[in-house]
1. Being surrounded by 13 or more Cβ atoms within 10 Å (Cβ to Cβ), at the interface with chain B (Cβ under 10 Å from one of its Cβ atoms) and under 21 Å from residue B:40 (Cα atoms) is the requirement here; does residue A:37 meet it?
2. Name the residues in the range A:71-116 that are assigned to a strand (DSSP E or B) and under 30 Å from residue B:55 (Cβ atoms), would you?
3. So which strands (runs of 3 or more DSSP E) stay within chain B end to end and still have 3 or more residues that are closer than 27 Å to residue A:34 by Cβ and within 11 Å of chain A (Cβ to nearest Cβ)?
4. Within the range A:1-13, how many residues are in contact with a strand residue (DSSP E or B) (Cβ under 7 Å, 6 or more places away or on another chain) and either within 13 Å of residue A:90 (Cα to Cα) or in a loop (DSSP other than H, G, I, E, B) (or both)?
5. If you go through the range A:24-46, how many residues are free of Cβ contacts under 8 Å to residues at least 24 places away in the same chain and not in a loop (DSSP other than H, G, I, E, B)?
6. Within the bounds of the range A:52-70, is there any residue that is more than 9 Å from every other protein chain (Cβ to nearest Cβ), free of Cβ contacts under 8 Å to residues at least 24 places away in the same chain, at positive phi and part of a loop (DSSP other than H, G, I, E, B)?
7. Looking for something more than 12 Å from the chain's Cα centre (by Cα) and at the interface with chain B (Cβ under 7 Å from one of its Cβ atoms) - is there at least one such residue anywhere in the range A:73-86?
8. What residue, among those in the range A:87-107 that are within 7 Å of another protein chain (Cβ to nearest Cβ) and within 12 Å of residue A:21 (Cβ to Cβ), is surrounded by the most Cβ atoms within 10 Å (Cβ to Cβ)?
């Protein structure tokens, strides 16, 4: 079974631009979560999508948005990029059932975004 | 308050020795799950081991075991017989029933295995 894939792997943008990152979950997984990882803040939850609906959201400004398609693939968009948005963006997929505490999230390799 | 605390920013261990990575957590939810992930320099998070709050036995997966002390709210990862390939960042994470699928991560511990 193929793992979680993320594209692109590396990205360089300038302040004020916008960026779209893509995540393809493991086949059969319906939940996709996005995390931002920075040296200063660690791993922070951005949002989770399940069956094309945002099910949970972290504490990030509205410049960060996402969506999920009917095939469970997800995209994350960041508008009006700031220098502080430079980070590793990780996507994780899982089956997504509620109440399944032991259900593991499987992570992709991440997209490294550098904002200049 | 931090939900997951990892107090060891960096650890060193001799090859073939055992090492314990500390993790404490904070939750009022009686039903929760604890996870450990490994992140090599390549960036991908690799799932290692899981412990449920109602599990009576400590979880084990090969060379990984979880020392779960519920009353102390600690979930330490023990790696036995360390290998050079174990050098990586290690993250403790928690999922609560009340917050759905969201994982809370600690700040991580950087483990270096010395030959």
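Please treat every number below as a calculation from the coordinates, not as lab data. The shown structure was predicted, so the numbers you read here are calculated from the model rather than taken from an experiment. Cβ atoms come from the backbone with ideal geometry, glycine included; neighbour counts cover every protein chain shown.
1. Details: surrounded by 13 or more Cβ atoms within 10 Å (Cβ to Cβ): yes; at the interface with chain B (Cβ under 10 Å from one of its Cβ atoms): yes; under 21 Å from residue B:40 (Cα atoms): yes.
So residue A:37 fits the description; yes.
2. Taking the range A:71-116 as the starting set, the residues that turn out to be assigned to a strand (DSSP E or B) are A:74-78, A:87-94, A:106-107, A:111-115.
Hits for the range A:71-116 are A:90, A:91, A:92, A:93, A:94, A:106, A:107.
3. B:32-39, B:46-52, B:88-96
4. Filtering the range A:1-13 for residues in contact with a strand residue (DSSP E or B) (Cβ under 7 Å, 6 or more places away or on another chain) gives A:3-13.
Next, only the ones that are either within 13 Å of residue A:90 (Cα to Cα) or in a loop (DSSP other than H, G, I, E, B) (or both) stay: A:3-10.
Going through the range A:1-13 one residue at a time, the tally reaches 8.
5. At the first step, the residues of the range A:24-46 found to be free of Cβ contacts under 8 Å to residues at least 24 places away in the same chain are A:39-42, A:44-45.
Within this subset, residues satisfying the condition of being not in a loop (DSSP other than H, G, I, E, B) are A:42, A:44-45.
Final tally of qualifying residues: 3.
6. yes
7. The first filter runs over the range A:73-86 and keeps only residues more than 12 Å from the chain's Cα centre (by Cα), leaving A:79-86.
If we keep only those that are at the interface with chain B (Cβ under 7 Å from one of its Cβ atoms) as well, we get none.
No, every residue in the range A:73-86 fails to be more than 12 Å from the chain's Cα centre (by Cα) and at the interface with chain B (Cβ under 7 Å from one of its Cβ atoms).
8. A:90
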